[in-house]
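K.L.:
Sharing a structure below in structure tokens format, with a few things to ask.
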Amino acid sequence: MLPPLKGLKTGAFVFVLPLLKEGGKMAQKPVSMSLIKQIEQLRSDGVPIKEIARRTGMSKNTVKKYLRRMEGYLTGNQTVEMASISDKQLSKIVYNEDAAPVADKRTEALLKHFAQIRNSRELSKTGVTRQRLWQEYLMEHPDGYQYSRYCQLWRYYNKDTDAAFHWDHKAGEFIQADFAGDKLHYLNVQGNKVACEIFIAVFPFSGLSFCCAVASQKIADFAICIREMLKYYGGVSQTILVDNLRTAVKKSDRHEPQFTDLCHMLSDHYHTTFSATRAARPTDKGMAERTVNIVYQQIYAPLRKDTFRSLEALNRAIREKLEALNRKPYKGSKESRLDIFIRAEQPLLKPLPKAHYELMKVKYATVQRNYYIQLPDNKHYYSVPYPLVGKKVMVYFNASVVEVYHRHERVSLHTRRSTEPLYNRIHAHMPPNHQAVIAQKGWTVQDLLQKAGYVGPHTQKIAERIIHSSIYPEQNFKACHAMIMLSKPYSKERLEAACLHASAVERPTLRLIRTILQTGQDKASLLFDEQDKALPAHENIRGKDYYR
């Protein structure tokens, strides 16, 4: 059995080794200097040693030892008074003969080895383990410590030399998120064990934790994790702090990491920001690391003997244990993680958007000459405004929608469906001449008569005669439309008058209407265009009663 460990100061480091007295006995527990001064004061007042031992709870021999050392010091320093001696000086006087830790050559060699490992950051290098470092240590020092003792002393060395920083977290400021190192499993239909990634998140202020299982750390699953996490919390924090996952960070950097398009889309949808830890600095998200260990203890361990037949069943079991964890009161407190979250953090969160985020793929595309872009999944084409021909655009798409952005502004939105055509066009994206061609191609009898009716009833009547002047009305659509368009150069009033002049013609034509307008015949009065005026009263006019 290894002896208990106490501190040994060597140079600038505090190293941990057993304190042994001569003969192998354990060193006594240090006595406070105030008690030593009380012993000296009682002896100065003439109290017997036996009574001093009774009052202080020490043995008579221990009281004699302390008194002998203090008297020996005062005898050699007659000008010094006991009241003027500091606690530090008195400690040296009282313990000057006690056995101290012996920093032998083996200990000094180990300390030097540990210092070299720490300064050169050996353990952060690829493939370097404690076992390899121990083997290198034994090659230089064959009489050195064995591996178990080496690892134990290394842990204590780091514990005593690593200073811990206390973070004062603000309520609702950010969420720390990470994937756990260990995985959980379920059995598929074939009975094979399928490993799952475990996503873990926590609010550092309250400690409210979240945990779910997904198939992988890929983009689709990461988006599901963020969506389910925010849904569970019921709100959005100012920042989401993640590790340098390839799904989230394209290029890690201490000051300006480059995030993936997925993170930018999630930020826009949920009105939050993503932040990344420094590479190989897990302490930047210390609460997430601590939560991973808690999840191991509170969720992994209780579920280790259970068998799950699907990912959904596994997540249901995880959620049950998670609820119990978040509702469990903190040690020495009546409040749980959930209580603190509801009281202090939930009111500070941003509201969730009405629609949940749906994962969208991203594609950079060049607008073709026909003002379309093509998607890679179904090879269909989708239109964008024609002035963007030849420009680079960013396309976000999924199974239900296609969004096209140019210079961070959305310029096109298409709704996708299973029955959509190969070319999906929005009329407003077309240049005017193309719109005219499509408009002409899509004419109907009702459309043309309606347009003619806007000019006047006589124009509508002439348009109907022109359309039905042949067996196939579609053959006369162009002529009818051209006749209606004469209202632009000549005005609606003149076109209506021209149609009135041509109303007596059984089969009018476009040329006839155009000739009437060009020659100005529409301005001439018709032969019977006035009402018969009443005859004036006269004695020679017999009247209607004469013929009865």
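K.L.:
Residue 325: under 26 Å from residue 196 (Cα atoms) and in contact with a Lys or Arg (Cβ under 8 Å, 6 or more places away or on another chain), yes or no?
P.N.:
yes
K.L.:
Still on this structure, please answer the following. Looking only at strands (runs of 3 or more DSSP E) that lie completely in the stretch 178-263, which have at least 3 residues being under 21 Å from residue 318 (Cα atoms) and not aliphatic (A, V, I, L, M)?
P.N.:
Because the criterion is at least 3 residues that are under 21 Å from residue 318 (Cα atoms) and not aliphatic (A, V, I, L, M), the strands (runs of 3 or more DSSP E) in the stretch 178-263 that meet it are 193-202, 209-214.
K.L.:
For residue 379, all conditions in the list (1) in the same structural domain as residue 504 (by TED's automatic domain parsing); (2) surrounded by fewer than 18 Cβ atoms within 10 Å (Cβ to Cβ); (3) among the basic types (Lys, Arg) hold save one; what is the number of the exception?
P.N.:
Among (1) in the same structural domain as residue 504 (by TED's automatic domain parsing); (2) surrounded by fewer than 18 Cβ atoms within 10 Å (Cβ to Cβ); (3) among the basic types (Lys, Arg), the lone unmet condition for residue 379 is (1).
K.L.:
Scanning the stretch 503-548 for residues that are in contact with a Leu (Cβ under 8 Å, 6 or more places away or on another chain) and at pLDDT 90 or above, which turns out nearest to residue 457 (Cα to Cα)?
P.N.:
Ranking the qualifying residues of the stretch 503-548, first place goes to 513.
K.L.:
Residues that are polar (S, T, N, Q), at least 2 per element: which strands (runs of 3 or more DSSP E) completely within the stretch 355-453 meet that?
P.N.:
409-415
K.L.:
Tally time: how many residues in the stretch 308-360 are among the small types (Gly, Ala, Ser) and not assigned by TED's automatic domain parsing to the domain that holds residue 211?
P.N.:
Going through the stretch 308-360 one residue at a time, the tally reaches 1.
K.L.:
Quick check, is residue 423 exposed (fewer than 11 other Cβ atoms within 10 Å of the Cβ) and modelled with pLDDT under 90?
P.N.:
No; evaluated as a whole, the condition is false for this residue.
K.L.:
Could you check residue 197 against (1) under 21 Å from residue 353 (Cα atoms); (2) in contact with a helix residue (DSSP H, G or I) (Cβ under 9 Å, 6 or more places away or on another chain); (3) buried (at least 18 other Cβ atoms within 10 Å of the Cβ) and say which number it fails?
P.N.:
Residue 197 satisfies all of (1) under 21 Å from residue 353 (Cα atoms); (2) in contact with a helix residue (DSSP H, G or I) (Cβ under 9 Å, 6 or more places away or on another chain); (3) buried (at least 18 other Cβ atoms within 10 Å of the Cβ) except (1).
K.L.:
What are the residue pairs meeting all of these: first residue in the stretch 172-197, first residue among the polar types (S, T, N, Q), second residue surrounded by 15 or more Cβ atoms within 10 Å (Cβ to Cβ) and assigned to a strand (DSSP E or B), Cβ atoms under 6 Å, and 6 or more apart or on different chains?
P.N.:
Listed pairs, sorted by first residue: 176/202; 176/241; 188/194.
K.L.:
Looking only at residues in the stretch 287-321 that are among the acidic types (Asp, Glu) and either modelled with pLDDT of 90 or more or exposed (fewer than 15 other Cβ atoms within 10 Å of the Cβ) (or both), which one is farthest from residue 200 (Cα to Cα)?
P.N.:
So, considering only residues that are among the acidic types (Asp, Glu) and either modelled with pLDDT of 90 or more or exposed (fewer than 15 other Cβ atoms within 10 Å of the Cβ) (or both), the one farthest from residue 200 (Cα to Cα) is 306.
K.L.:
Restricting to the stretch 374-399, give me the number of residues that are among the small types (Gly, Ala, Ser) and under 26 Å from the mean Cα position of the chain (by Cα).
P.N.:
Within the stretch 374-399, residues that are among the small types (Gly, Ala, Ser) and under 26 Å from the mean Cα position of the chain (by Cα) number 1.
K.L.:
Quick check on this structure: which one of 384, 404, 395 is in contact with a Lys or Arg (Cβ under 6 Å, 6 or more places away or on another chain) and either in the same structural domain as residue 462 (by TED's automatic domain parsing) or surrounded by 17 or more Cβ atoms within 10 Å (Cβ to Cβ) (or both)?
P.N.:
Testing whether each residue is in contact with a Lys or Arg (Cβ under 6 Å, 6 or more places away or on another chain) and either in the same structural domain as residue 462 (by TED's automatic domain parsing) or surrounded by 17 or more Cβ atoms within 10 Å (Cβ to Cβ) (or both) leaves just 395.
K.L.:
Does the stretch 258-268 hold any residues that are over 8 Å from the mean Cα position of the chain (by Cα) and surrounded by fewer than 20 Cβ atoms within 10 Å (Cβ to Cβ), and which are they?
P.N.:
Hits for the stretch 258-268 are 258, 259, 260, 261, 264, 265, 268.
K.L.:
Quick check on the stretch 472-490. Is at least one of its residues more than 24 Å from residue 436 (Cβ to Cβ), at pLDDT 90 or above and not polar (S, T, N, Q)?
P.N.:
Looking through the stretch 472-490, none of the residues is more than 24 Å from residue 436 (Cβ to Cβ), at pLDDT 90 or above and not polar (S, T, N, Q).
K.L.:
Got a number for residues in the stretch 104-129 being surrounded by fewer than 16 Cβ atoms within 10 Å (Cβ to Cβ) and either modelled with pLDDT of 75 or more or not hydroxyl-bearing (Ser, Thr, Tyr) (or both)?
P.N.:
Of the residues in that region, 15 qualify.
The values are calculated or read from the model by the stated rules, or taken from the named source; none is laboratory data. Quantities reported herein were computed from a predicted structural model and do not represent experimental measurements. When we count neighbours, we look across all protein chains shown, and the Cβ atoms used for this are built from the backbone with ideal geometry, even at glycine.
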